[in-house]
Amino acid sequence: MRAARLIKMVLLLQSRASMTAAELARELEVSERTVTRDAQALSEAGVPVYADRGRTGGYRLIGGYRTRLTGLARHEAEALFLSGLPSALREMGLDDAASAARLKVSAALLPSLRDASHTAARRFHLDAPGWYHDPVTPELLPAVAEAVWDDRLIRARYRREPGAEVERELAPYGLVLKAGVWYVCARAGEDVRVYRIDRFTAVAVSGTRFERDEDFDLPGFWEERAAQFARSILRTEVTVRLSEAGVRRLPHTVDRAAAEEALAGADGPDADGLRTVVLPVESADVAYEQLLALGPEAEVLAPAVLRERFADTAERLRDLYG
């Protein structure tokens, strides 16, 4: 533990011109007194750590000293490629590995390039979860992530619906974070399937490694399954007559792919400038909620029960505002 901390201290001082005891204590998560003792231990071991006294003082390396302890461990290198996803790294338990990797890279760079990470961090940030929802980290995510990184089988219990659980042995190929929800793409038998991690009720990581299919393409697999899922839930059709404004707003109100497909297959505007489209939707209830946002720019023609619902809503609105 202390050896790792001493190495990190040297790397910090190598990557920066000077650091105060308070800054080192914050980075190393120790007290300033421990920083002082560690600096003395490094000096006694031959590392030229120099302490400047006074209010503007701090610790620095002298004589152009550079350590060779900058080689990345495998898990650090892997975590480095995810360093643009700080919340995801934290949830998977990889934030320490990413921090160590970034520090080693910074220490190995030329002095003129060492501020590159800070420059990028001030200009770009990825916030994966969607609006209006507090992201909840699945309790079992770190265990699943460990198995994914190490190609280890897991024995998992999965909640299909309230009161119904199944147990499966899975070969976890990859993790996907979609709109704040974590999924694992895992081989079960001969098929690769998608599981929501927050529906796992128990996960045991096996000591047995599985043989990964090197042709498996996680981004391509996810894109295909996501498209299949989006198509599978659109089981109902509604016929809608749209104004020009309704045509423009439709892709922002319902499923974009479904809207674009419906508009592409529709005839041109009629004499009144209106276009009639047949739109795939998840259900009549969902269509009601979505199309209501278009207000008078959309007229539902079919099915009759949905048209009647809109007519009733229009009557109530007229009474309310009349």
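The values are calculated or read from the model by the stated rules, or taken from the named source; none is laboratory data. Only a predicted model underlies this, so the values are computations on that prediction, with no experimental measurement involved. Note that each Cβ is placed from the backbone with ideal geometry, even for glycine, and that neighbours are counted across all protein chains shown. We work out accessible area using only protein heavy atoms, side chains counted, and drop any ligands, DNA or RNA first. Shrake-Rupley method; radii C 1.70, N 1.55, O 1.52, S 1.80 Å.
Looking at the stretch 1-39 only, could you name the residues that are basic (Lys, Arg) and modelled with pLDDT of 85 or more?
Arg26, Arg33, Arg37
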Verdict on Val247 being at pLDDT 90 or above and out of contact with any Lys or Arg (no Cβ under 8 Å at 6 or more places or on another chain): no
Residues of the stretch 240-264 satisfying the condition of being under 16 Å from Glu289 (Cα atoms) and β-branched (Val, Ile, Thr): Val240, Thr253, Val254
Matching option when the condition is under 11 Å from Ala204 (Cα atoms), outside any loop (DSSP other than H, G, I, E, B) and touching a residue at least 60 places away in the same chain (Cβ under 8 Å), among Ala143, Ala147, Ala156: Ala143
Complete set of residues in the stretch 165-216 that are outside any strand (DSSP E or B), over 18 Å from Asp150 (Cα atoms) and basic (Lys, Arg): Arg199
The stretch 32-52: number of residues that are crowded, with 16+ Cβ neighbours inside 10 Å and within 14 Å of Arg2 (Cα to Cα): 5
The stretch 187-225, residues that are without any contact (Cβ under 8 Å) to a residue 24 or more places away in the chain and either closer than 21 Å to Val254 by Cα or touching a Pro at 6+ places or on another chain (Cβ under 7 Å) (or both): Glu223, Glu224
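So that you can scan it fast, the table gives a plain yes or no per residue for (1) surrounded by fewer than 16 Cβ atoms within 10 Å (Cβ to Cβ); (2) closer than 19 Å to Pro219 by Cβ; (3) in contact with a Lys or Arg (Cβ under 8 Å, 6 or more places away or on another chain):
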{"residue": "Glu139", "(1), (2), (3)": "yes, no, no"}
{"residue": "Trp149", "(1), (2), (3)": "no, yes, no"}
{"residue": "Tyr158", "(1), (2), (3)": "no, no, yes"}
{"residue": "Gly174", "(1), (2), (3)": "no, yes, no"}
{"residue": "Tyr183", "(1), (2), (3)": "no, yes, yes"}
{"residue": "Gly189", "(1), (2), (3)": "yes, no, no"}
{"residue": "Val192", "(1), (2), (3)": "no, yes, no"}
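Restricting attention to the stretch 1-31, report how many residues are open to solvent by less than 50 Å² (accessible area, probe 1.4 Å), over 12 Å from Val49 (Cα atoms) and within 33 Å of the chain's Cα centre (by Cα).
The total comes to 7.
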Helices (runs of 4 or more DSSP H) completely within the stretch 252-322 that count 2 or more residues being under 23 Å from Ser232 (Cα atoms) and open to solvent by 60 Å² or more (accessible area, probe 1.4 Å): 256-264, 284-291
In the stretch 241-280, the residues that are in contact with an Asp or Glu (Cβ under 7 Å, 6 or more places away or on another chain) and among the aliphatic types (A, V, I, L, M): Leu242, Ala245, Val278, Leu279
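Rundown of residues vs (1) in contact with a helix residue (DSSP H, G or I) (Cβ under 9 Å, 6 or more places away or on another chain); (2) free of Cβ contacts under 8 Å to residues at least 12 places away in the same chain, yes/no style:
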residue	(1), (2)
Gly265	no, no
Asp270	no, yes
Tyr288	yes, no
Val305	yes, no
Asp312	no, yes
The stretch 226-251, residues that are within 29 Å of Tyr195 (Cα to Cα), part of a loop (DSSP other than H, G, I, E, B) and open to solvent by less than 50 Å² (accessible area, probe 1.4 Å): Ile233, Leu234
